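Bear in mind that the values in this text are calculations on the coordinates, not laboratory data. Predicted model, so just to flag it, every value in this text is computed and none were measured. As a convention, Cβ positions derive from the backbone with ideal geometry for all residues, glycine included, and neighbour counts pool all protein chains shown.
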Amino acid sequence: MKGPRRAATLPVRFFERPADTVARELVGLLVASDVGGRPTLGRVVETEAYLGYDDPASHGFRGRRHAQNEALYGPPGSWYVYRSYGVHWCANLVCHTAGQGSAVLLRAVEPLEGLEIMRRRRLGVDDRYLCAGPGRLCQALGITRAELDGRMMQRSGVVVLDSDGWDGAVEITPRIGITKAVDWPLRFAAAGSPWISRRISSRRGAFPSRSRGSPAGRR
């Protein structure tokens, strides 16, 4: 498989914005992992924004703070990795400002390179399910709390790269898999992608993709 053109790692200022803006603009970008010296690459096709203090579904709701979510209050552009239901790792990128508790959850990635590595990590599941879900993508890319939690993305073993020319549309729906603020339209997915974690049953809006300018110039 011919891989996409390599691009620059996203600058910190990309994440110094509200989580919903960051979540939408992450769709279509690339995630490159070199965990364990095993390179893998995928395209972000689904994200969710969690807004922090005023968001009942956020781990930062009303400023809740404990040892397990301390990285959520770190600087923008850093990783927050938590265990979901005591089973799966979930990878988030902190947004806006330090101490706010807002972040973007990576929900699904389209596998592009290193598929054999992903398959071994995912124990031979069908390729459709290699990275279709936050726990699945973490397993496929080798993401764990010990590997990333609290680390700046740019200096970690998993980095997000700027667009390589992807120009698809982004659909917006309510978040899934939660029990609070279930109607908030904060899930962002690549329109028509077969790689998302759950099919979009009712369209809430399809919008042109972000500006093709470098994120270095976006605030």
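Side notes on the structure shown:
- Maximal additional length on extending the Asp127-Tyr85 stretch stands at 12.7 nm, based on 0.36 nm per residue less the C-alpha distance.
- The length gained by stretching the chain between Asp164 and Arg120 to full extension, at 0.36 nm per residue less their Cα-Cα distance, is 13.1 nm.
- Sparsely packed loop sites in the range 68-114 (the chymotrypsin sites (Phe, Trp or Tyr not before Pro) outside DSSP H, G, I, E and B with at most 15 other Cβ atoms within 10 Å) comprise Tyr85.
- Each of Ser156, Ser102, Ser78, Ser163 was scored by other Cβ atoms within 10 Å of its Cβ. Listed from fewest to most, they are Ser156, Ser163, Ser78, Ser102.
- Kirkwood Rh, Cα atoms: Rg over Rh of the range 12-211: 0.93
- The length gained by stretching the chain between Lys180 and Arg151 to full extension, at 0.36 nm per residue less their Cα-Cα distance, is 7.6 nm.
- As a length-normalised measure over Cα pairs under 8 Å and 6 or more apart, the relative contact order of the range 12-211 settles at 26 percent.
- Here the simple spin-label model places points 7 Å from the Cα toward Cβ, and for Tyr53 and Arg38 these points are separated by 4.2 nm.
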